[in-house]
Amino acid sequence: MPNPQELLKFDTGDTAWLLISTALVMMMTLPGLALFYGGLSKRKDALNTMAMSFVTYCLISVFWVVYGYSLAFGHDIFGLIGGFEKIFFKSITLTSSNEGAKTVPEFIFAMFQLTFAAITVALVSGAYIERIKFSIWITFSLLWFTMVYLPVAHWIWGGGFLAKMGVVDFAGGIVVHTTAGISALIGALILKARNDTTLIPHNLTLVVLGTGLLWFGWFGFNAGSALSAKELATIAFVNTNTAAASASLIWCIAEWLIFKKPTILGLASGTIAGLATITPAAGYVNVYGALIIGVIAGLVCFISIAFVKGKLNYDDTLDAFGIHGVGGIIGSLSVGFFADPSINQIAGLFYGSAAQLWLQLLGIGIIIFYSAMVTALIFLFLKIIFKNLRVNPEDELVGLDETQHGERAYNLHI
Amino acid sequence: MKKIEAIIKPTKLEDVKKALEKKGIHGMTITEVKGFGRQKGYIEVYRGKEYEVRFLPKIKIELIVKDDEVEKIINTILETAKTGNVGDGKIFISSIEEVIRIRTGERGEEAI
């Protein structure tokens, strides 16, 4: 046991907040995302959709401990990847801490970051559901986590080359939403469209429940990313709620004006768009910035899904790209416009400096290119090894719950 | 003996049931069904994309009655299930050869 004096160097308030935040972010994947995605899918594919979030959380939980944390947050190697000194949490002790979070024990910092990795991979699944084989999804998850998430997390959060250049991402607009969104789009294009490309949610009440849990958990995601229970966490908390609510209202109003009815799915979709978009900016902007970012998020994501998606004709089943990719990109860019130096030192264009905007643009560009290329390569590799990435057409018709898992979401009779 | 099958709007079920009970009919089978006639479907919009839903929720009531009760029941259903709008439903009448009560083995009108 460590000497109690050694443990005193940690801030108990910060540690408590990180413990809570970690649990909140865990809840975003299970049950938040599982219910959100599960409710949006067809009745016959609901369990398979939830299973993809579930299995991903388990998979990443194991491999984060095995090598994920070490490669993302280990000793920097040429700005590209972390070292191997922390595999199996080897050099982590009760008294060690990470360079970026010195007031909390490294164990909880590592677990907090684990929950980010897990939800990022699970987000991608939204574009592939109702057609990808469960076994292919698991293999893809592990490869994508290793080859896309871990390097990108290191480049921006683990002291890699983008961090050294000055690219910032408060809680994951680039690391989480841009990587997941772009990879969702590329995978959807490679997998090709489902035979039935409708999006008729089988249970909107689950979608509302999932949205609420995601929103609730997002306070841990964004305010927890302050890595302390101090002032910065409070403004991140305010910004998160403000942007989510304004994006939700704007989506609802736009839908009401254009399609004559305010749908509940519109309210839920706007909320997620606002949350994804404010994420990279939550700890850099003031409340005016959060309001404007929310409005932009609601409008742009709505347009991207309601109009642009139809023109481009790709089958991103649950709009993982349209909401997370688009939201993540405009949110990461918005830091370059709206960052208020009185909040967290960085100044955006509207506060007198264009430098951060160019850095953000460069960072986003690099990550879009890298995520797209590596995702395509992973699918190419999987295609060579496994031949068929999709379930056969009959299984797709019957539904993936029965054909992949031998279960049904609803057994109403008997 | 006749079988009366009436496809009606779900919102009219309670009215029809009460009216039939008043006329002395105490047994019926109902099923939640889906379909469309001249009413066609309706449009649902999800994230800006329109989907035409062809099949509308309806209720099917099945009654087995004596021949001399048929007109009375038809009139009752017509009076209570009618709104005057498309989609009010239809009534089908067919002949029944035999009815058997499983508990007692009674047959014919006695078993209705």
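The values are calculated or read from the model by the stated rules, or taken from the named source; none is laboratory data. Since this is a predicted model, take the numbers as computed values, not measurements. Every residue, glycine as well, gets a Cβ built from its backbone with ideal geometry; the counts of neighbours run over all protein chains shown. Protein only, heavy atoms only, side chains kept; ligands, DNA and RNA dropped before computing areas. Shrake-Rupley method; radii C 1.70, N 1.55, O 1.52, S 1.80 Å.
General observations
- 13 Å cut-off, amide nitrogen to a point 7 angstrom out along B:ILE64 Cα→Cβ, residues in the stretch B:19-41: B:27-29
- From the Kirkwood radius over Cα pairs of the stretch A:83-208, Stokes-Einstein at 4 °C and 1.567 mPa s returns a whole-number translational diffusion coefficient of 77 µm²/s.
- Using a cutoff of 8 angstrom between alpha carbon atoms and counting only pairs six or more residues apart, the relative contact order for chain A works out to 22 percent.
- Entry for the stretch A:10-161 at q = 0.09, 0.13 Å⁻¹: log10 I(q)/I(0) = -0.30, -0.60, Debye formula applied to identical alpha-carbon scatterers, no solvent contribution.
- With θ taken as phi - 60° and the Karplus curve 6.51 cos²θ - 1.76 cosθ + 1.60 applied, the whole-hertz 3J(HN,Hα) list for the stretch A:247-262 is 5, 4, 5, 5, 4, 4, 5, 4, 5, 4, 5, 8, 10, 6, 9, x Hz, x standing for glycine and proline.
- For the peptides A:145-155, A:270-280, residues were scored by their other Cβ atoms within 10 Å and the scores averaged per peptide; the highest-first order is A:270-280, A:145-155.
- Efficiency of FRET from Cβ geometry, A:ILE87 and A:GLU6, R₀ 22 Å, rounded to 0.05: 0.35
- Share of carbon and sulfur in the accessible heavy-atom surface of the stretch A:93-207 [1.4 Å probe, %]: 68
- DSSP loop GluC sites (Glu not before Pro) with at most 16 other Cβ within 10 Å: longest gap in chain A: A:100-406
- Expressed per residue, the C-alpha convex hull volume of the stretch A:326-414 stands at 181 Å³.
- Shown is the FRET efficiency for B:GLU5 and A:ASP196, computed with R0 = 35 Å from the Cβ-Cβ distance and rounded to the nearest 0.05: 0.65.
- Computed from label points 7 Å out along Cα-Cβ, the spacing between B:ARG101 and B:TYR42 is 4.2 nm.
- Listed by chain and number, the lysines whose alpha-carbon sits under 24 Å from that of A:LYS383, ignoring those within fewer than 8 places in the same chain, are A:LYS133, A:LYS192.
- At least 30 Å² of accessible area lost relative to the chain alone, listed for the stretch A:255-281 with a 1.4 Å probe: A:PHE259, A:LEU265
- Rg in Å to one decimal, and Dmax rounded to a whole Å, for chain B via C-alpha atoms: 17.0, 59
- Take the accessible area of chain B alone and of chain A alone, subtract that of the pair, and you get about 1000 Å² summed over both chains, using a 1.4 Å probe.
- The listed peptides A:65-73, B:80-88, A:311-319, ordered by packing as a protection proxy, come out as A:65-73, A:311-319, B:80-88 (highest mean of other Cβ atoms within 10 Å first).
- Average other protein chain Cβ within 10 Å of Cβ, residues A:191-200: 1
- Sites A:PHE307 and A:TRP358 - FRET efficiency at Förster radius 25 Å, r taken between beta-carbons, to 0.05: 0.25
- With bins 20 Å wide beginning at 0, the percent of Cα pairs of the stretch A:10-402 falling in each bin runs 31, 60, 9.
- The mean sequence distance of close C-alpha pairs (under 8 Å, at least 6 residues apart), as a share of the length of the stretch B:2-111, puts its relative contact order at 41 percent.
- Computed accessible area, A:LYS260, all protein chains, 1.4 angstrom probe, square angstrom: 150
- Shielded by partner chains, the stretch B:12-49 residues - at least 40 Å² of accessible area, 1.4 Å probe, vs chain alone: B:VAL45, B:TYR46, B:ARG47, B:GLY48
- Spin-label pair A:ARG43/A:ARG408, simplified geometry with 7 Å Cα→Cβ offset, distance in nm: 0.9
- Segment A:PHE134-A:THR146, extension gain: residue separation times 0.36 nm, minus the distance between their alpha carbons: 2.5 nm
- Of B:LYS2/B:LYS34; B:LYS49/B:LYS82; A:LYS260/B:LYS22, pairs whose Cα-Cα distance is over 32 Å: B:LYS49/B:LYS82; A:LYS260/B:LYS22
- Shape category assigned to the stretch A:268-380 from the gyration tensor of Cα positions, a/c cut at 1.5: oblate
- Average accessible surface for the protein assembly as shown: 44 Å² per residue, computed with a 1.4 Å probe over protein heavy atoms with every protein chain in place.
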